[in-house]
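Enquirer: Got a structure for you, written out below as structure tokens; questions coming shortly.
The values are calculated or read from the model by the stated rules, or taken from the named source; none is laboratory data. Because the structure is predicted, anything quoted here is derived from the model rather than measured. Neighbour counts are summed over all protein chains in view; Cβ atoms, including those assigned to glycine, are modelled from backbone coordinates with ideal geometry.
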Amino acid sequence: MSYDEALAVPEDMSSVAAERELTDAELSQPLQSPAFLSSCGVQDSTHVRVRVVIRDGAAVGVTVLTAPDDPSIAECVGKGVRAVAWPANKRRDSLTTTY
């Protein structure tokens, strides 16, 4: 699923009301030193924007944009983001980061 598709799925707030929200640090920490950037061949001159929706400790929606546009790098980075783990939480959280 993409970032926008994941956000479009309704969330039952009554079932997650007791769950705490993840902090900004908890959301951003897993993506601070991503080894997948170099393994995907991202050059220093490439700008990468990652938008991710997280639920239950995993990415459920990811959109990666690169400049210059490179669909193969975007796909590889997306797979890398999907392999990252966050603290488990039933609430849906989202994050946008750039490299």
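Enquirer: Here are some residues: S38, S94, S14, S72. Which one is in contact with a Phe, Trp or Tyr (Cβ under 8 Å, 6 or more places away or on another chain) and among the hydroxyl-bearing types (S, T, Y)?
Expert: On the way: S38 fails: in contact with a Phe, Trp or Tyr (Cβ under 8 Å, 6 or more places away or on another chain); S14 fails: in contact with a Phe, Trp or Tyr (Cβ under 8 Å, 6 or more places away or on another chain); S72 fails: in contact with a Phe, Trp or Tyr (Cβ under 8 Å, 6 or more places away or on another chain).
Answer to the selection: S94.
Enquirer: Another one. Kindly establish whether Q43 is closer than 19 Å to R82 by Cα and without any contact (Cβ under 8 Å) to a residue 24 or more places away in the chain.
Expert: no
Enquirer: For K90, which of the numbered conditions (1) in a loop (DSSP other than H, G, I, E, B); (2) within 10 Å of the chain's Cα centre (by Cα) fails to hold?
Expert: If we test K90 against (1) in a loop (DSSP other than H, G, I, E, B); (2) within 10 Å of the chain's Cα centre (by Cα), just (2) comes out false.
Enquirer: Here's another thing I want to ask about it. So, in region 1-25, how many residues would count as being modelled with pLDDT of 95 or more and in contact with an Asp or Glu (Cβ under 9 Å, 6 or more places away or on another chain)?
Expert: 0
Enquirer: Sticking with this structure for a sec: Can you pull out every residue in region 6-25 that is surrounded by 15 or more Cβ atoms within 10 Å (Cβ to Cβ) and in a loop (DSSP other than H, G, I, E, B)?
Expert: Within region 6-25, just L22 meets the criteria.
Enquirer: Restricting attention to region 49-68, report how many residues are touching a residue at least 40 places away in the same chain (Cβ under 8 Å) and not charged (D, E, K, R).
Expert: Result for region 49-68: 8.
Enquirer: Let me ask something additional. Using the structure shown, decide if A88 is out of contact with any Lys or Arg (no Cβ under 9 Å at 6 or more places or on another chain) and in contact (Cβ under 8 Å) with a residue 24 or more places away in the chain. Please lay out each step first, then the result.
Expert: Details: out of contact with any Lys or Arg (no Cβ under 9 Å at 6 or more places or on another chain): yes; in contact (Cβ under 8 Å) with a residue 24 or more places away in the chain: yes.
Judged against the criteria, A88 is a match.
Enquirer: From the residues in region 47-77 that are of a type in the set (D, E, K, R) and under 23 Å from P10 (Cα atoms), which one is surrounded by the fewest Cβ atoms within 10 Å (Cβ to Cβ)?
Expert: If we take residues in region 47-77 being of a type in the set (D, E, K, R) and under 23 Å from P10 (Cα atoms), then D56 is surrounded by the fewest Cβ atoms within 10 Å (Cβ to Cβ).
Enquirer: Another question about this same structure. For region 26-46, state whether one or more residues are in contact with a strand residue (DSSP E or B) (Cβ under 7 Å, 6 or more places away or on another chain), loosely packed, with under 15 Cβ neighbours inside 10 Å and outside any strand (DSSP E or B).
Expert: Scanning region 26-46, I find at least one residue that is in contact with a strand residue (DSSP E or B) (Cβ under 7 Å, 6 or more places away or on another chain), loosely packed, with under 15 Cβ neighbours inside 10 Å and outside any strand (DSSP E or B), so the answer is yes.
Enquirer: I'd like the residue in region 78-99 that is touching a strand residue (DSSP E or B) at 6+ places or on another chain (Cβ under 6 Å) and surrounded by 17 or more Cβ atoms within 10 Å (Cβ to Cβ) and, out of all such residues, is farthest from V48 (Cα to Cα). Walk me through it before giving the result.
Expert: Initial filter on region 78-99 (touching a strand residue (DSSP E or B) at 6+ places or on another chain (Cβ under 6 Å)): 78, 81-82, 86, 92-99.
With surrounded by 17 or more Cβ atoms within 10 Å (Cβ to Cβ) added as a condition, the list becomes 78, 81, 86, 92-93, 95.
Values: G78: 11, V81: 12, W86: 20, R92: 23, D93: 20, L95: 14 Å.
Residue satisfying both the conditions and the ranking: R92.
Enquirer: So which residues in region 47-75 are modelled with pLDDT of 95 or more, farther than 11 Å from Y3 by Cα and part of a strand (DSSP E or B), if there are any at all?
Expert: Residues satisfying the conditions are H47, V48, R49, A58, L65, T66, A67.
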